[in-house]
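Comments concern the structure below.
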Amino acid sequence: MAARAEDIATPNIDELFRPTHDERARQSFVSMLRKHAIIDLRAAVRRHYESEVAPALRARGAEPATWRDIERVMEPDPLHRLYSTLRYNAQEMCYLSVQPAIERALPEMIDLARDLATHNPAGGTLRLNPQFEIPRYLHALDVHLAPGWVTAEHTEDDVAQGAVVGFGGKVFTGQHPYRKRPGVVAESIAHWIQRTRPGFTPRRILDLGTTAGKNLLPYKSAFPQSEAHGIDCGAPVLRYGHALAEHEGIAVHFSQQNAERTDFPDGHFDLIVSSFFLHEIPLKATRNVLRECHRLLSPGGLMVHMELPDASSVSEYDNFFWNWDTHNNNEPFYTNYREQDPLRLCEEAGFLPADAFKLTIPDAASFGEERYARFLKGELPAPPHGSGGWFIFGAERRG
Amino acid sequence: MSKAPTEVTLPRTTRGKRPVFFDDPSIDQMMTFVIELTTEVAVLRERLDTVERLLDAGVPVTREAIESFQPQAAVNTERDAWRDAYLKRVFRMHPTASAQTSDPERGSSP
């Protein structure tokens, strides 16, 4: 505890982001614009489909059978077009609205991150690989319409994309009822593990595609005795994440690695997690990542991925809704990923079918303990993914 | 050691194919203008709101006072409610749109 005073004095890289009055106003408005598209218009489009479009087609004996049929019917629909254009533009504006303030802060941010990477006041580490080969699927296009995504480096020791993805993400989730708090996914999974596996105390935790570690830090609070590792392909996000964790006084070991093949020894981790990750990479890479998880897990270890619900877990209409991102949010592997059965993917990676699971768990921050107890008894389902619940899958590694 | 960059301009456009949602791509471009302009009006409105709040508090209105204005939670709640209502007013859908789209001939065209 002697290091505590020093921890408090560690500057916060996030505080170097100082938008002007009007930039802040723009960011707040874009959050609301995004909410209008993803919550209000999404619901309006669904109501319109269910109460008008589908019944009219049904009356002619031509009701859409698959999500692709629904997509074909809905693409020319004026309401769906309005929803799509608002969603797309709001998505772009999340990042555009934070870039000017980041450009002004960048020299100071880089200096601070560099200083913290040298001194590591909280005891974490940052391990970058100058020879690292960024996989083509990561730099061929900008995922989530974020220019530069997680890997682009604009100058030496750059942290800009860490800030762009981080602050853009805050605008993105600013008015979302279940995503306002950073790290809610990790909190929810950690809570679920603690409630379903009392006594599980991982010695080492690994977060794959960690970006700046937003959904890694809460695991350290849940399992304080553990050693936390986060890997990503993007150096700027890792530098930024390291600076943030050092400020928080949380020792995290960040390293630049491809999750398809890491340099950690066999059986090194008791808990391997990821969130919003596997649907962004090609299926072949997903298979490699899951095999790598199997290699890295210790006997009795646990793997939990928060992911989009697979196609067979939701309705055809929901598949139509989810797959919008494939072409419209620069997530080309999204549909193909969702068509896989996660349990089958686990089995292919070497896990025993009986040890694999997929389910939707409640959002820990909003569900309430009394209802959680009923969820655990099977009396109450979790809300749908993204609307108060989170879809997860994974496996335990036996013996 | 300290070799901070003098100036970095971040890319403002995205690598990857931009989708076209409307029959005429000019409408996609026009929608971007409309949405950006809607946003600018909201920004301007918020600046005016800040000025009014400074006046209410008897604080001399200077650019510095506007920049350093820190809204209380209640002000943010009020502003969020305004933004929400404003958006719903501006992006008002024509009631006839539903009737048009439920036309099966139109709906099943590629």
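Give the residue, chosen from B:Val34, B:Val61, that is more than 7 Å from every other protein chain (Cβ to nearest Cβ) and touching a helix residue (DSSP H, G or I) at 6+ places or on another chain (Cβ under 6 Å).
B:Val61
For residues that are assigned to a loop (DSSP other than H, G, I, E, B) and over 28 Å from A:Ile205 (Cβ atoms), tally how many sit in the range A:153-176.
Total satisfying the criteria: 5.
Identify, please: which residue in the range A:105-152 is out of contact with any Leu (no Cβ under 9 Å at 6 or more places or on another chain), more than 10 Å from chain B (Cβ to nearest Cβ) and assigned to a helix (DSSP H, G or I) and is, among those, modelled with the highest pLDDT?
Per the criteria, the residue is A:His119.
Taking the residues in the range A:2-33 that are modelled with pLDDT under 95 and part of a helix (DSSP H, G or I) as candidates, determine which candidate is least open to solvent (accessible area, probe 1.4 Å).
By that ranking, first place goes to A:Asp7.
Quick one: count up the residues across the range A:236-258 that are open to solvent by less than 10 Å² (accessible area, probe 1.4 Å) and not in a strand (DSSP E or B). Before you say what the answer is, go through the steps one by one.
Pass one, the range A:236-258, residues open to solvent by less than 10 Å² (accessible area, probe 1.4 Å): A:236-238, A:240-243, A:245-246, A:252, A:254-255.
Narrowing the set further to residues that are not in a strand (DSSP E or B) leaves A:236-238, A:240-243, A:245-246.
Counting residues in the range A:236-258 that are open to solvent by less than 10 Å² (accessible area, probe 1.4 Å) and not in a strand (DSSP E or B) gives 9.
Pairs please, first residue from the range A:376-387 and of a type in the set (A, V, I, L, M, F, W, C), second anywhere and part of a loop (DSSP other than H, G, I, E, B), Cβ atoms under 9 Å, 6+ apart in sequence or on different chains.
A:Ala382/A:Asp363; A:Ala382/A:Gly388
Just a yes or no: is a residue in the range A:236-256 touching a residue at least 24 places away in the same chain (Cβ under 8 Å) and over 27 Å from A:Glu108 (Cβ atoms)?
No, the range A:236-256 has no match at all.
Condition check ((1) within 25 Å of A:Glu396 (Cβ to Cβ); (2) crowded, with 24+ Cβ neighbours inside 10 Å; (3) at pLDDT below 95; (4) touching a Gly at 6+ places or on another chain (Cβ under 8 Å)) across all residues:
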{"site": "A:Gly162", "(1), (2), (3), (4)": "no, yes, no, yes"}
{"site": "A:Thr173", "(1), (2), (3), (4)": "no, no, yes, no"}
{"site": "A:Lys180", "(1), (2), (3), (4)": "no, no, yes, yes"}
{"site": "A:Ile189", "(1), (2), (3), (4)": "yes, yes, no, no"}
{"site": "A:Thr211", "(1), (2), (3), (4)": "no, yes, no, yes"}
{"site": "A:Leu216", "(1), (2), (3), (4)": "yes, yes, no, yes"}
{"site": "A:Tyr219", "(1), (2), (3), (4)": "yes, yes, no, no"}
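Based on this model, can you work out whether A:Leu106 counts as closer than 30 Å to A:Glu227 by Cβ and crowded, with 20+ Cβ neighbours inside 10 Å? Walk me through how you get there before you give the answer.
On the way: closer than 30 Å to A:Glu227 by Cβ: no; crowded, with 20+ Cβ neighbours inside 10 Å: yes.
So A:Leu106 fails the test.
How about the range A:107-136: which of its residues are under 26 Å from A:Met93 (Cα atoms) and in contact with a helix residue (DSSP H, G or I) (Cβ under 7 Å, 6 or more places away or on another chain)? Spell out how you get there, then give the answer.
From the range A:107-136, those under 26 Å from A:Met93 (Cα atoms) are A:107-110, A:136; that's our starting set.
Answer for the range A:107-136, where residues must be under 26 Å from A:Met93 (Cα atoms) and in contact with a helix residue (DSSP H, G or I) (Cβ under 7 Å, 6 or more places away or on another chain): A:Glu108, A:Met109.
Take the residues in the range A:347-375 that are under 20 Å from the mean Cα position of the chain (by Cα) and touching a residue at least 40 places away in the same chain (Cβ under 8 Å), then tell me which one is nearest to A:Ala190 (Cα to Cα).
Among residues in the range A:347-375 that are under 20 Å from the mean Cα position of the chain (by Cα) and touching a residue at least 40 places away in the same chain (Cβ under 8 Å), the one nearest to A:Ala190 (Cα to Cα) is A:Ala364.
State yes or no: is A:Val73 assigned to a helix (DSSP H, G or I), at the interface with another protein chain (Cβ under 7 Å from one of its Cβ atoms) and not small (Gly, Ala, Ser)?
Yes: the conditions hold for A:Val73.
Quick test for you: out of A:Arg87, A:Arg81, pick the one residue that is at the interface with chain B (Cβ under 9 Å from one of its Cβ atoms), of a type outside the set (A, V, I, L, M, F, W, C), assigned to a helix (DSSP H, G or I) and buried (at least 18 other Cβ atoms within 10 Å of the Cβ).
Result of the check over A:Arg87, A:Arg81: A:Arg81.
Name the pairs whose Cβ atoms lie under 9 Å apart, with the first residue in the range A:144-162 and in contact (Cβ under 8 Å) with a residue 40 or more places away in the chain, the second of a type in the set (Lys, Arg) and surrounded by 22 or more Cβ atoms within 10 Å (Cβ to Cβ), and 6 or more positions between them or separate chains?
Every condition considered, the pairs that remain are A:Asp157/A:Arg239; A:Asp158/A:Arg239; A:Val159/A:Arg239; A:Gly162/A:Arg239.
Within the range B:80-87, is there a residue that is in contact with a helix residue (DSSP H, G or I) (Cβ under 9 Å, 6 or more places away or on another chain) and either open to solvent by 60 Å² or more (accessible area, probe 1.4 Å) or modelled with pLDDT under 95 (or both)?
Checked the range B:80-87: no residue is in contact with a helix residue (DSSP H, G or I) (Cβ under 9 Å, 6 or more places away or on another chain) and either open to solvent by 60 Å² or more (accessible area, probe 1.4 Å) or modelled with pLDDT under 95 (or both).
Could you grab me the full set of residues in the range A:56-67 that are surrounded by fewer than 16 Cβ atoms within 10 Å (Cβ to Cβ) and touching a residue at least 60 places away in the same chain (Cβ under 8 Å)?
A:Ala65, A:Thr66
The values are calculated or read from the model by the stated rules, or taken from the named source; none is laboratory data. Worth saying up front: this structure is predicted, and the values here are computed from it rather than measured. Glycine gets a Cβ as well: all are built from the backbone with ideal geometry, and neighbour counts include every protein chain shown. Quick note on the areas: whole protein, heavy atoms, side chains included, nothing else; ligands and nucleic acids left out. Shrake-Rupley method; radii C 1.70, N 1.55, O 1.52, S 1.80 Å.
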